[in-house]
Amino acid sequence: MTDKARLFWSRVFLILLAVITAYQLITHQSSDTENLLLGRYTPRYLVLLIGGVLLSVAIGYVAMSRWSRMAITGSYEKTKTIAAAAWLPAHLLIYTLGFIAAPTYLEPFYNQLYGQFFALTTLALILISLDALRAIIRKPEFYMVVISVLIAAACAEWGLNRYIHSFPDSDLARRAKAFEATNAQLLRYQSHPYEGYIPAPGWRSPDGLDEINSRGFRGEEIAVPKPDGVYRIVAIGGSTTYGTGVADWHDSYPAQLERILQDDFGYRNVEVINGGVGGHNSWESLANLNYRVLDLEPDLIVVYQNTNDVHCRLVSPETYRGDNTGHRHAWNSQIIEEAAASWAAKVPITLWRVIGSAFGWFKTPLGLSIDDVMNVECSGLTAEQSCLGMSLEDALEANPPVFYERNIRNIIAVSRANDAEVLLVSWASNPNLGDYAATSEYQSAYEEQNAVIERLAGELDTYYFDFAARMPLDEAYWADSRHLTTPGNHLKAEMIATYLDGETAIPQD
């Protein structure tokens, strides 16, 4: 390839990068929810926009200036060789730091921008350094470049694994660990004919900290029939009951509630069972109660349910129905099987797994969630104005929580018909942690549905604990805006235990 062709194509790649980056930053509107989080004119967004556009202008200037011609035609063999050797390590460092710093809701956009930046600048560098690489291909310097790249990759792999070991609850750790078949979120679940899906009976984490018993509930085995003299509490709800924010089932709030009631309040006859299922809405919790929980002979049902029912309301008003088919369809197991069979997921290199999955180079169990196998398109978190034909705010107004209320009423009725009392607990979130739960739409919907809970408790004379009003926003208690850490679950369990004791809801031995 001639110097003239190299100069032309390197300029094309760099100018293309500058134009695409600036355009995407200026017009970026990937979802209504993200726009609300970013704010079109907040200082944070303006910094991102101005910084990105200035970088794009700088790239375009360099591409068209004499510097690009000098880089192609000049005899900078040593500089070009060093640049080629440092290119991959520098990108790994920049990407890793950016991934850690980027907010969760910006992660897809960050991956998209960085993926094209890496591809186009790498092509430009290859063209610029082609003469230097040709000159040293049979010299010791070439092998030094190769070795330095391999050493850098090995160091990055070691550093990434050390980071994951030191911060096991971080996003990078979850991203890497989710490749293992036994750790992948969806492989912890299986389809159910009436409930949609349930935790997979007998599943156990490789480290032994987490397990699902033979009946499909998180925790140890449950005696059925219930032993004489046992007062059995079953907590139902979604991931905030299941305890997605903690790796050890002992740290979930139902498990901690049992320990606190027994050890601190002296209720030795109490058992608390974790009946939560990640992603469950009130439709599925009602089915869970009716088809599985009642077999456990509960004395008290604790209901903690909210955010997943907001997702159910983010559908077209024409499809908002009492059977929730506007939001859910049958479990699609084929998607999981294809992801689990991916050869890329079997490569035991953490760096490959983290970056490859982030850029969408291959399908893996990590890339899937309950939403992928259960949700209708353009509903819940994927709902946008472009497909709904209205804003999220208008969708929530058009779809009031009438079915949420009906489902909670039915949970209360079914429980009482089977000799179980009900404790309704208001739902808490932390709007300071910057994901979808922080938007004004979701916060308003949470308040609306919490008001339904409070009203039903008064109308139907059930136990009611206003957890949302009491839970502090200290970040030490929160794994994200919805899920709690081990200390957060302990505080929640402590509050509920104190309430139950104060209400004398539990009979003494």
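Please treat every number below as a calculation from the coordinates, not as lab data. Nothing here was measured: the structure is a model prediction, and the numbers come from that model. Note: ideal-geometry Cβ built from the backbone for every residue, glycine included; neighbour counts use all protein chains shown.
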Which order do the peptides 501-507, 224-230 come out in when sorted by mean C-beta neighbours inside 10 angstrom, highest first? 501-507, 224-230
Less than 15 Å apart at the alpha-carbon level, and either on another chain or at least 8 residues along: which aspartates and glutamates does that give for residue 4? 131
What's the local net charge at residue 327, with K and R +1, D and E -1, over the other residues with C-beta under 12 Å away? -2
Hey, how many Å between the Cα centroid of region 460-509 and the Cα centroid of region 272-318? 18
Ordering 387-399, 310-322, 265-277 by per-residue average of other C-beta atoms within 10 angstrom, highest first, gives 265-277, 310-322, 387-399
